[in-house]
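The values are calculated or read from the model by the stated rules, or taken from the named source; none is laboratory data. Keep in mind the model is a prediction, meaning the values are calculated, not measured. Note that each Cβ is placed from the backbone with ideal geometry, even for glycine, and that neighbours are counted across all protein chains shown.
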Amino acid sequence: MQIIGPDLLVFGVDDVPACHDFLTAYGLEPQGYTPEKGGRYLALDGTGLEIRRRDDPSLPPALKTGSMLRLQVLGVVDQAALDAVAAELGRDRQVLHLADGSLRTQDDQGFELAFRVTTRTPLALEAEKINAPYHPGRPVNVVGVTQDMPAKPRTLSHIVLFTPDIDVAVGFYRDRLGFRITDTLTGAGPFLRPQANADHHTHFFIRTPEYMQGIEHLACHMGGPTELMLAGSRMMENGFESFWGPGRHKFGSNWFWYFKSPLGCNVEFDADMDTHDDDWAPREAPMGPEASQAFLLQWRKKWAPGGGPGGPKG
């Protein structure tokens, strides 16, 4: 199955204006927003989120747990790939063919899914460049950071789901949709990537009791660690609460910084994720701090040695 990954995540939320404030501070571009109905919030390549009121009748039904995530829209490479998804899933469940050309169905644990030919626009932006001894990456006289440099999410990266039955969740995405397991955190669950995406993962499942089923976090890719650190620092300066980070994961190698959000889940900046092909041999490690991060930093306001703002005195 030539699936790329999440194009759009749709939420039914309790506080539309609060979500708007959070997502615009996070760096997504609002489209069609009204305080009464919500709107879309897009990364630079056109992937992103859609926010509506929880009681909006146009939303797909909610999970019994009341999770605010109402729909995952997964992008595929072309119409042939979309037809293949319809044929495979139509063998044992209802697949709706919508007027906009997309498909609508459910996975084996009741999460609402849609599939469409992706609408993402490939970016011509360069990745962050670094200088190392004897191997300079940036041109001479080009500085690596400025205080006002852009730091916008480039694309919707991945989603992490709480699920009561790991075997059922993995079986659907692996056996029916062709996802590959890249690594597994024992006691939590596996990371998976779809066939048309080399990222370490677009989905990660965490085993939880049934009453917790829903979304744990979502993430967008930044252009590099500097953009991630700047974007996260700007969130902190604007009063948003950090949940975890900044730091760097072991599985996936991606830099991370998570923030608490009014979407009923955490929202992560990530950068510099590993990529894999079918020759990759999946790893496994026990869930815990040693496996989940290579290092963890702590944000603080700027200071300078010798008594700068917030620094040591005397």
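Brief remarks follow.
- Within region 17-51, the set of residues being farther than 22 Å from Gly232 by Cβ and either polar (S, T, N, Q) or surrounded by fewer than 22 Cβ atoms within 10 Å (Cβ to Cβ) (or both) comprises Pro17, Gln31, Gly32, Tyr33, Thr34, Pro35, Glu36, Lys37, Gly39, Arg40, Gly46, Glu50.
- Residue in region 55-73 that is within 30 Å of Ala124 (Cβ to Cβ), among the hydroxyl-bearing types (Ser, Thr, Tyr) and surrounded by 16 or more Cβ atoms within 10 Å (Cβ to Cβ) present: no
- Asp183 under 21 Å from the mean Cα position of the chain (by Cα), surrounded by 14 or more Cβ atoms within 10 Å (Cβ to Cβ), among the acidic types (Asp, Glu) and within 24 Å of Met229 (Cα to Cα): no
- Given (1) outside any strand (DSSP E or B); (2) within 21 Å of the chain's Cα centre (by Cα); (3) in contact (Cβ under 8 Å) with a residue 60 or more places away in the chain; (4) over 19 Å from Asp270 (Cβ atoms), number of the condition Leu125 does not satisfy: (4)
- Residue check for Ile181: out of contact with any His (no Cβ under 6 Å at 6 or more places or on another chain) and modelled with pLDDT under 95: no
- The listed residue being surrounded by 15 or more Cβ atoms within 10 Å (Cβ to Cβ) and in contact with a helix residue (DSSP H, G or I) (Cβ under 6 Å, 6 or more places away or on another chain), out of Leu103, Leu113: Leu103
- Strands (runs of 3 or more DSSP E) fully within region 231-314 counting 2 or more residues that are closer than 18 Å to Ala25 by Cα, in contact with a Ser or Thr (Cβ under 6 Å, 6 or more places away or on another chain) and at pLDDT 90 or above: 266-271
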